[in-house]
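Asks: I am attaching a structure below and will ask some questions about it afterwards.
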Amino acid sequence: MSPDSPLDAEDLRTRVQKALDDALAHQAEVLDAVSPDLAPLMDSISDLLSGGKRLRAAFCYWGWRGAGGADTAGALTVAASLEVFQAAALIHDDVMDGSDTRRGMAAVHRRFASLHRGNSWLGSPEAFGVAGAVLAGDLCLSWCDELYAGSALPPEVLARGRGVFDQMRTELMCGQYLDMLEQVRATTSVQQARHVIRYKSANYTVAQPLLLGGALAGAPAPLLAAYDDYGLALGEAFQLRDDVLGVFGDPAATGKPAGDDLREGKRTVLVASAMETASPAELAEIRRSLGDPHLDADGVERLRTLLVEVGALAAVERLIASLCDSALTTLATAEVDPEARNVLERLVVAATARDQ
């Protein structure tokens, strides 16, 4: 991110990291009191939470500020709780996808498998790795709720946001299941892929963090409706960009090997669009290669070429642009604090950049 990134307005990322570090220091004491053997579990979570763009925290915080909320430590803590929730989602998602890396590091389940091998322990390293990652993700789910409830915001304020907070977490699990289901079905459609995006990513990345901040600050119904419209459009655009980067992105920037989404057989809008427009021969080739865990670099490149040739990449790029325009149009007429409006406008670009 550039020095003038909207994610750093009000020094937000630094302050969110401080809130996370303080929370993790407390939890490290809790785990250490149980057993020093829990140190690898704590370290895996701390390392994952040491990085990230902090998009969800930013949308929550500026949703609060946009509705007239003051710059308080309590609001910042609630925003930080969403990053712990995000960590849970990433850990579990990597297990379900069988991913090797996350943010340039070994995925948590791979990390625990390596720990098992390094100590020559009994049983399967892979099974130990999956079990360790599931537990690490479960801890993050528990801790995000602790952070929310212990944020020092007044009880009546927290009560205003509790419904959004709980719905966000439930809907993400629903979206993850739908995403998993799509990978095992023989066919998919752009419409269905977009439906999955809404619940797997768009809601909990942008719309619900914004709505949470707004609800906590007592935002009026028209502003909450604007937050929802802006958030759904931008959240979908964000995930579409992430899907494009999963196929065409630079691994040094994305933190994941190029082509992993193709090897995992992800039925993204990009892939669904290609399947809808490909010729019978092209469709047969896509189906042969998509989801092949042993797909080599040449195979990845061939699939990339097909996605371009059938017009799928161009179609997704047009959809991203249209959704960003929709988000900005909604924001332009919303009754939102001017400073927050400026940051939210700039976040449209930051969330959908081609070089994330």
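Asks: With the Cα gyration tensor of the stretch 106-204 in hand, convert its eigenvalues to equivalent ellipsoid semi-axes via √(5λ) and list them largest first in whole Å.
Replies: Values for the stretch 106-204, descending: 31, 26, 8 Å.
Asks: Let me ask something else about it. Using a Gaussian network model of the chain whose springs link C-alpha atoms within less than 10 Å, name the residue from 196, 84, 310 with the highest mean-square fluctuation.
Replies: Most flexible of the set in this elastic network: 310.
Asks: Using Cβ contacts closer than 10 Å as the measure, can you line up 174, 60, 140, 324 from fewest to most?
Replies: So the residues, fewest neighbours to most, are 174, 324, 140, 60.
Asks: Which net charge results when you count Lys and Arg as +1 and Asp and Glu as -1 among the other residues whose beta-carbon is under 15 Å from that of residue 124?
Replies: Spelling it out: positives minus negatives among the neighbours equals +1.
Asks: Additional query: Let me know the volume per residue of the alpha-carbon convex hull for the stretch 238-321, in Å³.
Replies: Each residue corresponds to 81 Å³ of Cα convex hull volume.
Asks: I've got another one for you. Just going by the charge dipole of the stretch 12-90, with Lys and Arg at +1 and Asp and Glu at -1 on Cβ, which of 39, 23, 80 is farthest out on the positive end?
Replies: So the residue furthest toward the plus end is 80.
Asks: Could I ask something else about it? Please compute, over every Cα-Cα pair in the stretch 147-245, the percentage with a separation greater than 21 angstrom.
Replies: 39 percent
Asks: With a 10 Å Cβ neighbour count serving as the proxy for reagent exposure, in which order, fewest first, do 5, 114 appear?
Replies: Fewest-to-most Cβ neighbours within 10 Å comes out as 114, 5.
Asks: I've got another one for you. Using only Cα atoms, locate the centre of the stretch 86-147 and the centre of the stretch 295-356, then give the distance between them in Å, rounded to an integer.
Replies: Taking the Cα centre of the stretch 295-356 as reference, the centre of the stretch 86-147 is 30 Å away.
Asks: May I ask you to give the average projected area over all directions of the convex hull of the Cα atoms of the stretch 260-303, in nm² rounded to one decimal?
Replies: 2.7 nm²
Asks: In whole Å and largest first, what semi-axes does the C-alpha gyration tensor of the stretch 275-356 yield when each eigenvalue is scaled by 5 and square-rooted?
Replies: 38, 15, 9
Asks: Rounded to the nearest 500, what is the chain's calculated 222 nm mean residue ellipticity when only DSSP H runs of at least 4 contribute -39500 (n - 2.57) each, over all residues?
Replies: -23500 deg cm²/dmol
Asks: Using +1 at the Cβ of each Lys and Arg and -1 at the Cβ of each Asp and Glu in the chain, identify which of 190, 48, 340 lies farthest towards the dipole's positive end.
Replies: Most positive-ward Cα: 190.
Asks: Tell me, what ³J(HN,Hα) does each residue in the stretch 81-89 have, in order and in whole Hz, if you take phi through Karplus 6.51 cos²θ - 1.76 cosθ + 1.60 with θ = phi - 60° and put x for Gly and Pro?
Replies: 4, 5, 6, 6, 4, 4, 4, 4, 4
Asks: Mind checking the dipole of the chain: about its Cα centre, +1 per Lys or Arg Cβ, -1 per Asp or Glu Cβ, Debye to the nearest 20?
Replies: Here the chain has a charge dipole of around 360 debye.
Asks: Another question, if that's okay. Give the residue from 319, 154, 131 lying farthest towards the positive end of the charge dipole for the stretch 6-351; charges sit on Cβ (+1 for Lys and Arg, -1 for Asp and Glu) and the dipole is referred to the Cα centre.
Replies: 319
None of the figures in this text is laboratory data; all of them are computed from the coordinates on show. Computed from a predicted structure; not experimentally measured. Neighbour counts are summed over all protein chains in view; Cβ atoms, including those assigned to glycine, are modelled from backbone coordinates with ideal geometry.
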